[in-house]
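One structure is given below, encoded as structure tokens.
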Amino acid sequence: MSSPLPDFSVLPKHLGIIMDGNGRWAKKRGLPRTEGHKRGAQTFEDISSYCADLGIPYVTFYAFSTENWSRPPEEVSAIMALLRDYLGRAESRKEENKKKGFALRFIGNPDDLDEDIVAAEKHVEGLGATGEGIRTVVNMAINYGGRQEILHSVRDIARRVRSGELDPGDISEDTVSSGLYTYGQPDVDLIIRPSGEQRLSNFLLWQSAYAEFWYSDVLWPDFTERDLDEALRSYEQRHRRFGGV
Ligand code: FPP
């Protein structure tokens, strides 16, 4: 029997998770790095599902950054193969996801991804919970970069100014936000980074203006529901001032 869910007095409305440490997890065991990613993908499935059980409204997982293309081609292919595998099994999760109120979204630049992946992402986005039935939106960031995302929005704004549709004086924070992949979602409240690194690595740059951080030495493939509980307990105690006193 599964244990009862912990009760938190406050949960982040939007949680960001940087899935780090797959390579070191594999190295420690004398395994190829790709094995670490495979275990990391399983952890992603477990933790994203747990986030939906807890009812965290938005969770963004950093799965593949715009900089990750510089990794050896075999490693990039292995991560894309894990993504294909995950997308390919979406139909089997369909009913459970609807029941849980789990909706999946992909954020990032689709232009550099293989066409079959982009098509599968679109299909899978349509399989989860919809409308009022949504309890948790899970954003999977693939070919995502925070600077590139802001640039994309700025270019769109420049085009609208040039066409005369928008006056530069009317450009607001919301105008910039409206060109981001996460438009309509709250800013990120808490960012979790395991594996001992304490960097943002181009993740949700605009959205993290007032984010809290939580770090841990646990490597992502070893990250458990209890580690997430610990991060959420820490978040519960934070006094957020948003620049005030
Ligand atoms: C960072 O660890 C991890 C990545 C760049 C890839 C993350 C991808 C997954 C967890 C799989 C994605 C899930 C699916 C379903 C496709 P690292 O390789 O930089 O680790 P290291 O710092 O120890 O080398």
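The values are calculated or read from the model by the stated rules, or taken from the named source; none is laboratory data. Values in this document were obtained by computation on a predicted structure and should not be read as measured data. Cβ sites come from the backbone with ideal geometry, for glycine too, and all protein chains shown count toward neighbours. Note: areas computed on protein heavy atoms with side chains; ligands, DNA, RNA excluded. Shrake-Rupley method; radii C 1.70, N 1.55, O 1.52, S 1.80 Å.
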Subject >> Hey, Thr34 farther than 18 Å from Trp214 by Cα, surrounded by 14 or more Cβ atoms within 10 Å (Cβ to Cβ), within 11 Å of the ligand (Cβ to nearest atom) and β-branched (Val, Ile, Thr) or not >> reply: yes
**OP:** Might you check whether a residue that is more than 26 Å from Thr34 (Cβ to Cβ) and of a type in the set (A, V, I, L, M, F, W, C) occurs anywhere in region 84-98?
**Re:** no
**OP:** Tell me which of these Pro73 doesn't satisfy, since it passes every other one: (1) without any contact (Cβ under 8 Å) to a residue 60 or more places away in the chain; (2) open to solvent by less than 50 Å² (accessible area, probe 1.4 Å).
**Re:** (2)
**OP:** Just give me the residues in region 200-245 being out of contact with any helix residue (DSSP H, G or I) (no Cβ under 9 Å at 6 or more places or on another chain), farther than 20 Å from Thr43 by Cβ and surrounded by fewer than 17 Cβ atoms within 10 Å (Cβ to Cβ), in sequence order.
**Re:** Ala209, Tyr210, Glu236, Gln237, Arg238, His239, Arg240, Arg241, Phe242, Gly243, Gly244, Val245
Original post:
Using beta carbons and a limit of 6 Å, which pairs, at least six apart or on different chains, have the first residue in region 2-28 and over 21 Å from Val59 (Cβ atoms) and the second one surrounded by fewer than 20 Cβ atoms within 10 Å (Cβ to Cβ)?
Top reply: Gly23/Arg33; Ala26/Arg33; Ala26/Glu35
Original post:
Out of (1) near the ligand (Cβ under 8 Å from one of its atoms); (2) aliphatic (A, V, I, L, M); (3) within 18 Å of Glu197 (Cα to Cα), the odd one out for Ala41 is which?
Top reply: (3)
Subject >> Residue count, region 10-24 (criterion: within 9 Å of the ligand (Cβ to nearest atom) and either under 23 Å from Leu232 (Cβ atoms) or of a type in the set (S, T, N, Q) (or both)) >> reply: 5
Original post:
What's the number of the condition Tyr50 fails, among (1) of a type outside the set (A, V, I, L, M, F, W, C); (2) in contact with an Asp or Glu (Cβ under 8 Å, 6 or more places away or on another chain); (3) surrounded by 19 or more Cβ atoms within 10 Å (Cβ to Cβ)?
Top reply: (3)
**OP:** For Gly108, state whether it is of a type outside the set (A, V, I, L, M), away from the ligand (no atom under 13 Å from the Cβ) and on the phi > 0 side of the Ramachandran plot.
**Re:** no
Original post:
Do you know which residues across region 110-157 are in contact with a strand residue (DSSP E or B) (Cβ under 8 Å, 6 or more places away or on another chain) and among the hydroxyl-bearing types (Ser, Thr, Tyr)?
Top reply: Thr130, Thr136, Tyr144
Original post:
Which residue, of Arg93, Arg135, is modelled with pLDDT under 95 and either open to solvent by less than 60 Å² (accessible area, probe 1.4 Å) or within 28 Å of Ser9 (Cα to Cα) (or both)?
Top reply: Arg93
Original post:
Looking only at residues in region 55-105 that are within 11 Å of the ligand (Cβ to nearest atom) and in a strand (DSSP E or B), which one is nearest to the chain's Cα centre (by Cα)?
Top reply: Phe61
Original post:
In region 121-132, what residues are within 16 Å of the ligand (Cβ to nearest atom) and either surrounded by fewer than 19 Cβ atoms within 10 Å (Cβ to Cβ) or not in a helix (DSSP H, G or I) (or both)?
Top reply: His123, Glu125, Leu127, Gly128
